[in-house]
Structures are given as C-alpha cells and as structure tokens.
Amino acid sequence: MSAPTYDMVTVGGGLMGCITSWHLADAGMKVAVVERDGLCMAASGVNAGTLAIQIKRAALVPYAMRAWELWRTMADRFGVDIGFRKKGGLTLAFTDEEAAMMEVRMTERRAAGAPIEFMNGSAISNIEPGIATDRVVLASYCPLDGYANSSIAGRLYRQALLDAGVTLFENSPVTSIARETTEFVVSFGPGRKLRAKRIVLAGGAWMKQLAGFLGVDLPIGYRVNQVAVTERMPPIVDTVIGVSSGLLTLKQSANGTVLIGGGWQGIGDLGRGGYQVVPDNLIGNMRLAQYAAPALAAARIVRVWMGLEGHVPDMMPLV
C-alpha cells in the first residue's frame, strides 16, 4: 500500500504543533499530525498554566502580548472554555539584591510594552492581602497576568483539528524521517508511512532526536519540572504569584486548590517521561510558597506530577 501524501505533516502534537497545523489546515492545506502520545500530554498538558507577561524577557514581550490575546480569544475561535482567567500578577523580591535585579529587568520589559508597575508595603496588601508584605522588599505588578487550564488543551485542539480536516495519528512514535527528491517520508508505528511536501518538527524535548533524522544537530536539552496541587483551601491568593528568582509560580483556582510550580526538578528521561519526585526539591518549592503566602502552612499536598520541557542553552525560543 502506498503511503498517503499530505501538503504538510507535523511531528509533535503539543500546543505548537497543534496550533500550527490548525492554521495551515484552515488556510486550505491537507495536514496530518503524528504524535508519540496523545495530543498535549507532554509539556503542553502538564505545566502550571501560567500566562504571565512580566516574566518574559524583554525581547519576547511583543510576542507574549500577541500570545496573550490569542489565549483570551481561544474560546471564541474554538468553542471550548480553556479556563483563561485574567487575574493580575505579582512578582516578589525578598532581598535588596533581588529588588535591584527586578528593577533592571522589569524596566526593560516595561519599555518593550509590558504594563508593569512597581509597588511595596500597603500597595501590595491592597491587591493581595495574603502575601507576607513584611518579607517583600519590592514587587512588580502586571494587570494582564493570569492563567489557563493546560490539562484540557488536548481535548480542545483535538476537536478543532478534526473540524479543520486534519488527520491525527496519536500514540504513534516517529521512527524515522527521510528526505527524498521532492518529499519527506515520515515513518511511525509498525511499518506505517506518510509522505509530505513539507514537514514541521514540533517535538519539544524530543526535537534533538527528530532533527537528527535529517542530519541536523540542534543544541536542545530538557528539564523535568515538578508541579504540585493542594487540597481545597479557603481563599489564600487571588492573583498569580511569582518571585524574582523565577523559582515559584502560585495560583489558586476557583475550586480552592492551589497550584504550585516554579521549575523545581524531578527525575525523568525521554523514554519514560517524568517518573520520580525529588523530595528535597518538592520541600524547597513548598517552603518558598509558604514564605510568600503564610496561610499555605495549613495546606496538604494531594498530588505531584512532572513534565519534560525542552530548551536550548540560552533558554530562548528556537525556530
């Protein structure tokens, strides 16, 4: 049986692969997506869901502003509530050194277009009474910061892609990608192949292996980020909370659970994904969260999970 031919095959069914495929299919291309697991089950579906413009580097602020608008209007485009909430966000500095670093970075980001202001003391308490303001030297505030529910991204995009006529191959790890004279051949599963005039590699943490099929060596590594969620709690925080070191994200959902992340590392690999918690890192993350919001001392953690996040050495996007 000859392999079916598409205008484009996307390898990787996370957010990047899905939204790229949707746009190209919407523009009239015949598109297929090949994903090793289910759609948005790796980094795209297990992250903390934070949409904070102020934590983006200055060079990326214009892109973050555009992305924020896309998240805000996602329900209108696809008919599914992705849980987008604009709550505002506070980033906290606990020492003079952290405050000085924050002033430099946030001033650059404000110059790039992010609506950021500085505050301390009573101004912080007016926005977020649950924060230990006596420990905070300086805070930055962005009214656009918020979050979305990453755990339902796969369901949203699966339906959107099917509606756009995209062919989906889930649970189909790619075993090779070959370049022929005028086409690419993508192989997966037990002897299955697709032909494509163009391909998009959107494999995240697995990009190094995928590019290697074509003889391209990309400097891509990965991190095994831990995220934890508490039992339901009385109101503790309303905004998205971060710290200047980048080691904390903290938000409370409408049902009272508190989601805590910040890039603390677990154990995992490309074959098995994230599979083991590092207790000291989990404790460090929880202590930092409690230091910022003391009421978390009464919280019990009910679940911890991990996801692999691909990155390059300078931690900037790679296209």
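The values are calculated or read from the model by the stated rules, or taken from the named source; none is laboratory data. These numbers were taken from a predicted model, which means no experiment stands behind them. Backbone-built Cβ (ideal geometry, glycine too); neighbour counts: all protein chains shown. The accessibility values were calculated without ligands, DNA or RNA, using every heavy atom of the protein model including side chains. Shrake-Rupley method; radii C 1.70, N 1.55, O 1.52, S 1.80 Å.
Things to note:
- Of the residues making up the stretch 35-65, those that are part of a loop (DSSP other than H, G, I, E, B), open to solvent by 40 Å² or more (accessible area, probe 1.4 Å) and either farther than 23 Å from Met101 by Cβ or touching a strand residue (DSSP E or B) at 6+ places or on another chain (Cβ under 7 Å) (or both) number 4.
- Neighbours by Cβ (under 8 Å, 6+ apart or cross-chain): first from the stretch 148-168, open to solvent by less than 60 Å² (accessible area, probe 1.4 Å); second part of a loop (DSSP other than H, G, I, E, B) and among the polar types (S, T, N, Q): Ser150/Asn47
- Criterion (of a type in the set (A, V, I, L, M), more than 22 Å from Leu92 (Cβ to Cβ) and open to solvent by less than 10 Å² (accessible area, probe 1.4 Å)) met by exactly one of Ala211, Ala228: Ala211
One line per residue, one yes/no per condition, for (1) part of a helix (DSSP H, G or I); (2) at negative phi; (3) in contact (Cβ under 8 Å) with a residue 60 or more places away in the chain; (4) in contact with a strand residue (DSSP E or B) (Cβ under 8 Å, 6 or more places away or on another chain):
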{"site": "Gly263", "(1), (2), (3), (4)": "no, no, no, yes"}
{"site": "Tyr275", "(1), (2), (3), (4)": "no, yes, no, yes"}
{"site": "Asn281", "(1), (2), (3), (4)": "yes, yes, no, yes"}
{"site": "Gly284", "(1), (2), (3), (4)": "yes, yes, no, no"}
{"site": "Leu288", "(1), (2), (3), (4)": "yes, yes, no, yes"}
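- Once the stretch 244-257 is narrowed to residues that are closer than 18 Å to Val104 by Cβ and surrounded by fewer than 24 Cβ atoms within 10 Å (Cβ to Cβ), the residue that is farthest from the chain's Cα centre (by Cα) is Ser245.
- When Lys208, Lys251 are checked against the criterion of being in contact with an Asp or Glu (Cβ under 8 Å, 6 or more places away or on another chain) and of a type in the set (Lys, Arg), a single residue qualifies: Lys208.
- Positions within the stretch 19-34 being open to solvent by 20 Å² or more (accessible area, probe 1.4 Å) and either farther than 24 Å from Asn225 by Cβ or in a loop (DSSP other than H, G, I, E, B) (or both), in sequence order: Trp22, His23, Leu24, Asp26, Ala27, Gly28, Met29, Lys30
Yes/no matrix, rows are residues, columns are (1) farther than 19 Å from Ile241 by Cβ; (2) surrounded by 16 or more Cβ atoms within 10 Å (Cβ to Cβ):
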| site | (1), (2) |
| --- | --- |
| Tyr275 | yes, no |
| Asp280 | yes, no |
| Ile283 | no, no |
| Met286 | no, yes |
| Ala292 | no, yes |
| Ile301 | no, no |
| His311 | yes, yes |
